Amino acid sequence: MPHMTMVQAIQNAQDIAMERDEKVVVFGEDVGYFGGVFRCTAGLQRKYGKTRCFDTPISELGIVGAAVGMAAYGLRPCVEIQFADYMYPAYDQIVSEAARLRYRSAGQFTCPLVIRMPTGGGIFGGQTHSQSPEALFTHVAGLKTVVPSNPADAKGLLIAAIEDPDPVIFLEPKRLYNGPFDGHHERPITPWKNHQLGEVAEGFYALPLGQAAIRREGAALTVLAYGTMVYVALSAAEETGIDAEVIDLRTLVPLDLDTVAASVRKTGRCVVVHEATRTSGFGAELAALVQRHCFYSLEAPVRRVTGWDTPYPHAQEWDYFPGPERVARAFREVLEAE
Amino acid sequence: MPERAPLSLQVPEPEWRPGDTPDYSHVNFPPAGSVDRPPVDANPRDIRDLAYTIIRVLNREGQAVGPWAGTPTDDELLTGLRHMMTLRAFDARMLQAQRQGKTSFYMQHLGEEAISCAFRTALSPGDMNFPTYRQAGLLIAGGYPIKDMMCQVYSNEGDPLKGRQLPVMYSSRKDGFFSISGNLGTQYIQAVGWAMASAISNDTKIAAAWIGDGSTAENDFHAALVFASTYKAPVVLNIVNNQWAISTFQGIARGGSGTFASRGHGFGIPSLRVDGNDYLAVRGVASWAIERARRNLGPTLVEYVTYRVGGHSTSDDPSAYRLKTESDAWPLGDPILRLKAHLIVGGVWSEERHKQAEAEVRDTVIAAQREAEALGTLHSGGHPSARDMFEDVYATMPPHLIRQRHDAGI
C-alpha cells in the first residue's frame with residue numbers, strides 16, 4: 001500500500017468523493033486554484049473545474065451559509081474553514097441551521113454537509129491557530145463530530161462523512177498532518193511514511209462513523225483519547241511501562257460507548273485526555289458516561305488530562321500542551337488510588 | 001496641542017413618536033408610471049437611480065399606468081385579489097385563535113399582503129423561496145392548503161412539522177418554501193447558496209431570498225450580497241421594508257445609506273425600490289428580477305416599501321412606541337383596497353361582488369379552521385406524539401438518542 005501524509009489522504013478522499021458523485025463540491029478560502037493553505041485540496045480545481053472546487057470570499061458565515069443552501073438543493077458540499085479558530089462567524093449557520101434543518105422541516109430539507117477544519121496546537125499558532133473547539137459541536141443536537149488521528153482513518157472517515165446524510169464536523173489535528181506527534185516537541189518529526197497508519201489503501205473505502213479503535217491493548221487502565229492525544233497517550237504508556245489500553249475514539253458523536261465501556265469494565269480505571277480546555281470539555285461528557293455505565297467496575301475516580309482553562313498561549317505552548325509527562329502522572333494517580 | 005471639540009454620539013430617531021402628528025408631506029413618493037423600465041440586461045451602473053425612487057403602477061384613480069404595469073389578465077388580478085383577501089382573513093382568524101389561547105403565538109401580514117402574493121405568481125415550479133415569517137402569501141398564492149398552515153399554527157396532530165416549530169414557521173419543499181428558521185437573516189445567504197447550486201448543476205431554477213429592513217443589519221445579509229455578487233448567483237434578493245423592526249424604526253438599520261436598495265450598489269447588483277402596497281408594481285418588478293436570474297444575468301436587489309400595520313407579533317403592542325394614526329397616514333394605502341379599486345375601474349369588479357367575495361373567503365377560512373381544530377389545538381385535542389421529538393435529529397437515530405428515548409419512557 002502507498003504511504004500518504006494526512007494531508008494527502010484528505011486530498012485523496014475528496015478526490016475520490018468528487019469522482020464518484022458529481023454532487024460533491026469543495027470550496028473555502030484559498031481552496032481553489034492554490035489548493036488550500038495546508039494543501040488539502042491541491043489539484044481538485046484543475047481536475048474537476050472551477051464550479052466544483054473554488055475560492056470564496058473571506059467569510060466563514062458565507063461559506064457555511066451558502067453550503068447549507070447548496071445542501072438543501074441536493075448537492076454535497078465539503079467546505080474548508082481555514083482554521084477551526086475562524087469558525088465562530090459561521091457558528092449560527094452551523095448550530096441553528098445545518099444542525100436543525102432536517103428536524104425543523106420534518107425531513108423535507110436535509111443538510112448533507114461536511115465542514116473540515118484544522119484543529120489543535122503544537123505548531124506555535126498562538127491563541128487564534130491552535131484551538132480545539134470540538135465540545136462546541138458535540139453539544140449541538142443534529143451534528144456529528146469526527147476527529148481522525150492518522151492518514152488511513154482520515155481518508156475513510158472523510159469519505160464516510162461526505163456520504164453521510166447529515167452535517168458532519170471534521171476536525172483535522174493539524175499537528176498530525178505530516179506525521180504522528182507524541183508531545184516530545186524537542187525530538188525530530190517522525191514522518192507518516194515510517195508509520196503503519198500512514199499506509200493508505202488506494203481507491204474508495206469508507207470507515208463507519210461511530211466506531212472507536214483500540215490502538216494499544218492493556219489491562220492496567222483505559223485511556224480515552226482522540227487526535228494528537230492518541231500518540232501522547234501511547235508515548236506515556238511506553239515510557240512509564242504502565243499497561244494502558246489506549247482507545248482512539250475517532251468519532252465523538254456518535255460515540256462508540258460499547259468499546260469504551262467494555263474497556264473500562266475490564267481495566268477498572270480510566271484517564272481521559274484532550275488538548276482542549278478542561279471545563280465543559282468533551283472529557284467531562286466521557287467521564288460522566290464512564291461513571292454512569294461502569295460505576296461498579298471503577299477502582300479509582302476518572303482522571304482528566306487536558307489543556308488548561310486559559311487561551312492557548314504562544315511562547316508557553318509546551319506548558320499548555322498536555323504532554324506525555326502530564327499523562328504519565330495521571331496514569332500513576334489512577335493506579336495509586338484505593 | 002490644538003483645542004479639540006468633544007465628540008458626541010448620534011443616535012437616529014424616527015420623525016415622530018406617540019403624541020406627535022404624522023406628516024409625510026415632505027416625503028417624495030413619485031407618481032405611478034413615472035419610473036422607466038430598463039431592459040433586464042441593462043448595465044447596473046446605468047440604473048442606479050432605481051434604488052432611490054419608488055416604482056409604482058396603480059395611480060390614485062385606480063388605473064394601471066406606465067412601463068411596469070405588464071399585461072396581467074383580469075382573471076390573474078381577480079385571483080391575486082382573492083389571494084390577498086384569503087391571507088388577510090386567515091391572519092384575522094389565527095390572531096383571534098391565539099387570543100383565545102388555541103396557540104402560543106402568531107404573526108400577521110396586515111398591509112403587506114401584496115408583496116408575497118404577487119411575487120409568488122412570477123415564479124415557476126421548482127423555484128425556491130427562502131422566506132421570513134411574513135411571507136405566508138407565497139404559500140397561499142401557490143395553492144398550499146390553508147388547513148395545513150393552521151395545523152402548523154396549532155402544532156396539532158395534523159401539523160406537517162410534527163409540532164417542532166413555533167407557529168408560522170412553515171416549510172414546504174414541494175411548494176418552493178424553505179423551512180423558516182426564526183433566527184433572523186440566516187436564510188439570505190442560504191438562498192444564494194441554493195441559487196449557486198442550481199447554477200453549478202446547470203439547472204434552470206432560481207432562488208428568492210427574503211429579509212426585513214431590520215435584519216439587513218445581520219452579517220448574513222452582507223455575506224449574501226458578497227457571494228451573490230461574486231458568483232452572479234441566480235437569485236432575487238428581496239428586502240421588505242415595513243418601517244418597523246419590532247419597536248425600532250427603519251433608520252436604525254439603514255444608517256447613513258439613503259435607502260436599503262442602495263446597499264446593492266457597492267456590490268454592483270442592480271437594485272430597485274418598489275411600492276410594496278401596489279400588487280401590479282410588485283408583480284412587474286418581480287418578473288423583471290426573476291427574468292434576470294433566469295437568463296443567468298445574476299442577482300437583483302429589490303426593496304419593497306410598505307408599512308407593518310399590525311404589531312410585530314402577538315407578543316407586541318405597537319402603541320407603546322409608535323402613533324396609532326401612523327398607518328392611516330401612510331401614503332401608499334392598503335394593497336387590497338388599491339387592487340379592488342383598480343378592478344372596479346376596469347369594470348370587472350364591484351362593491352357588491354367584493355362583499356360577496358369577503359363572505360366567501362371568510363367561509364372558506366372558517367371551514368378550514370374547523371377541519372384543523374378537529375385535529376387539535378396547542379393545548380387540547382390531538383397533538384404530535386412525544387416519540388416524534390426524537391425523530392429527524394439525524395437520518396438514522398444514533399445510540400445515545402435511542403437510550404434517551406428509552407429513558408424518557410416513550
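The values are calculated or read from the model by the stated rules, or taken from the named source; none is laboratory data. Since the model is a prediction, treat every value here as computed from it, not as a measurement. Here the Cβ is made from the backbone with ideal geometry for all residues, glycine too, and neighbour counts use every protein chain on show. The area values use the complete protein model at the heavy-atom level, side chains included, leaving out ligands, DNA and RNA. Shrake-Rupley method; radii C 1.70, N 1.55, O 1.52, S 1.80 Å.
The residues in the range B:365-379 that are within 12 Å of B:GLU157 (Cα to Cα), open to solvent by 30 Å² or more (accessible area, probe 1.4 Å) and either in contact with an Asp or Glu (Cβ under 8 Å, 6 or more places away or on another chain) or among the hydrophobic types (A, V, I, L, M, F, W, C) (or both) can be counted, and the count is 3. Candidates are the residues of the range A:224-254 that are without any contact (Cβ under 8 Å) to a residue 40 or more places away in the chain and out of contact with any Ser or Thr (no Cβ under 7 Å at 6 or more places or on another chain); the one that is least open to solvent (accessible area, probe 1.4 Å) is A:VAL246.
Of everything in the range B:147-159 that is surrounded by fewer than 24 Cβ atoms within 10 Å (Cβ to Cβ) and in contact with a helix residue (DSSP H, G or I) (Cβ under 6 Å, 6 or more places away or on another chain), the residue that is farthest from the other protein chains (Cβ to nearest Cβ) is B:LYS147.
Applying the criterion of being more than 7 Å from every other protein chain (Cβ to nearest Cβ) and part of a loop (DSSP other than H, G, I, E, B) to the residues of the range A:81-109, the residue that is most open to solvent (accessible area, probe 1.4 Å) is A:ARG100.
Taken across the range B:15-30, residues that are under 18 Å from B:LEU272 (Cα atoms), open to solvent by 90 Å² or more (accessible area, probe 1.4 Å) and out of contact with any Phe, Trp or Tyr (no Cβ under 6 Å at 6 or more places or on another chain) do occur, with at least one present.
Looking only at residues of the range A:41-80 that are more than 8 Å from chain B (Cβ to nearest Cβ) and of a type in the set (Lys, Arg), we find that the one that is least open to solvent (accessible area, probe 1.4 Å) is A:ARG76.
Flag: A:ARG116 does not match the condition of being within 14 Å of B:THR186 (Cβ to Cβ), more than 7 Å from chain B (Cβ to nearest Cβ), of a type in the set (Lys, Arg) and surrounded by 24 or more Cβ atoms within 10 Å (Cβ to Cβ). Filtered by the rule that a residue be away from chain B (no Cβ under 14 Å) and part of a strand (DSSP E or B), the range A:224-272 gives A:LEU224, A:ALA225, A:ALA244, A:GLU245, A:VAL246, A:ILE247, A:ASP248, A:CYS270, A:VAL271, A:VAL272. In the set B:ASN277, B:ASN238, only one residue is within 17 Å of the chain's Cα centre (by Cα), farther than 14 Å from B:PHE130 by Cα and surrounded by 19 or more Cβ atoms within 10 Å (Cβ to Cβ); that residue is B:ASN277.
Of the residues making up the range B:170-198, those that are aliphatic (A, V, I, L, M) and crowded, with 21+ Cβ neighbours inside 10 Å are B:ILE180, B:ILE189, B:ALA191, B:VAL192, B:ALA195, B:MET196, B:ALA197. Restricting attention to the range B:199-220, which residues are farther than 24 Å from A:CYS53 by Cα and open to solvent by 30 Å² or more (accessible area, probe 1.4 Å)? Correct list: B:ALA217, B:GLU218, B:ASN219. The residue of the range B:309-354 that is most open to solvent (accessible area, probe 1.4 Å), among those that are under 27 Å from B:PRO18 (Cα atoms) and of a type in the set (D, E, K, R), is B:LYS324. Filtering the range B:122-145 to residues that are part of a helix (DSSP H, G or I) and open to solvent by less than 20 Å² (accessible area, probe 1.4 Å) leaves B:GLY137, B:LEU138, B:LEU139, B:ILE140. On inspection, A:GLU29 does not qualify as buried (at least 24 other Cβ atoms within 10 Å of the Cβ) and acidic (Asp, Glu). Can you find, within the range A:260-307, the residue that is most open to solvent (accessible area, probe 1.4 Å) among those that are farther than 13 Å from A:PHE331 by Cα and of a type in the set (Ser, Thr, Tyr)? Only one residue tops the list, namely A:TYR296. Looking across the range A:110-144, just one residue is under 20 Å from A:TYR231 (Cα atoms), outside any loop (DSSP other than H, G, I, E, B) and touching an Asp or Glu at 6+ places or on another chain (Cβ under 6 Å), and that is A:PRO118. Within the range A:141-152, can one find any residue that is closer than 15 Å to A:VAL253 by Cα, without any contact (Cβ under 8 Å) to a residue 60 or more places away in the chain and charged (D, E, K, R)? No, every residue in the range A:141-152 fails to be closer than 15 Å to A:VAL253 by Cα, without any contact (Cβ under 8 Å) to a residue 60 or more places away in the chain and charged (D, E, K, R). Within the range B:164-177, being in a loop (DSSP other than H, G, I, E, B) and either of a type in the set (Val, Ile, Thr) or more than 9 Å from chain A (Cβ to nearest Cβ) (or both) holds for B:LEU166, B:PRO167, B:VAL168, B:TYR170, B:GLY176.
B:PRO18 fulfils the conditions (1) at pLDDT below 95; (2) closer than 30 Å to B:GLY137 by Cα except for a single criterion, (2). If the condition is being assigned to a loop (DSSP other than H, G, I, E, B) and of a type in the set (Phe, Trp, Tyr), then the range B:229-273 contributes only B:PHE260.
Kindly establish whether B:GLU291 is open to solvent by less than 10 Å² (accessible area, probe 1.4 Å) and among the acidic types (Asp, Glu). Against the criterion (open to solvent by less than 10 Å² (accessible area, probe 1.4 Å) and among the acidic types (Asp, Glu)), B:GLU291 does not qualify. Scanning the range B:178-228 for residues that are in a helix (DSSP H, G or I) and more than 9 Å from every other protein chain (Cβ to nearest Cβ) returns B:GLY214, B:SER215, B:THR216, B:ALA217, B:PHE221, B:LEU225, B:ALA228.
What number of residues within the range A:175-223 satisfy the criterion of being open to solvent by 60 Å² or more (accessible area, probe 1.4 Å), touching a residue at least 24 places away in the same chain (Cβ under 8 Å) and not in a strand (DSSP E or B)? Of the residues in the range A:175-223, 9 are open to solvent by 60 Å² or more (accessible area, probe 1.4 Å), touching a residue at least 24 places away in the same chain (Cβ under 8 Å) and not in a strand (DSSP E or B). Candidates B:PHE119, B:PHE90: the one that is closer than 17 Å to B:ASN238 by Cβ, open to solvent by less than 30 Å² (accessible area, probe 1.4 Å) and assigned by TED's automatic domain parsing to the domain that holds B:GLN152 is B:PHE119.
Here B:ARG362 qualifies as surrounded by 12 or more Cβ atoms within 10 Å (Cβ to Cβ), in the same structural domain as B:SER247 (by TED's automatic domain parsing), in contact with a helix residue (DSSP H, G or I) (Cβ under 9 Å, 6 or more places away or on another chain) and under 27 Å from B:ASP159 (Cα atoms).
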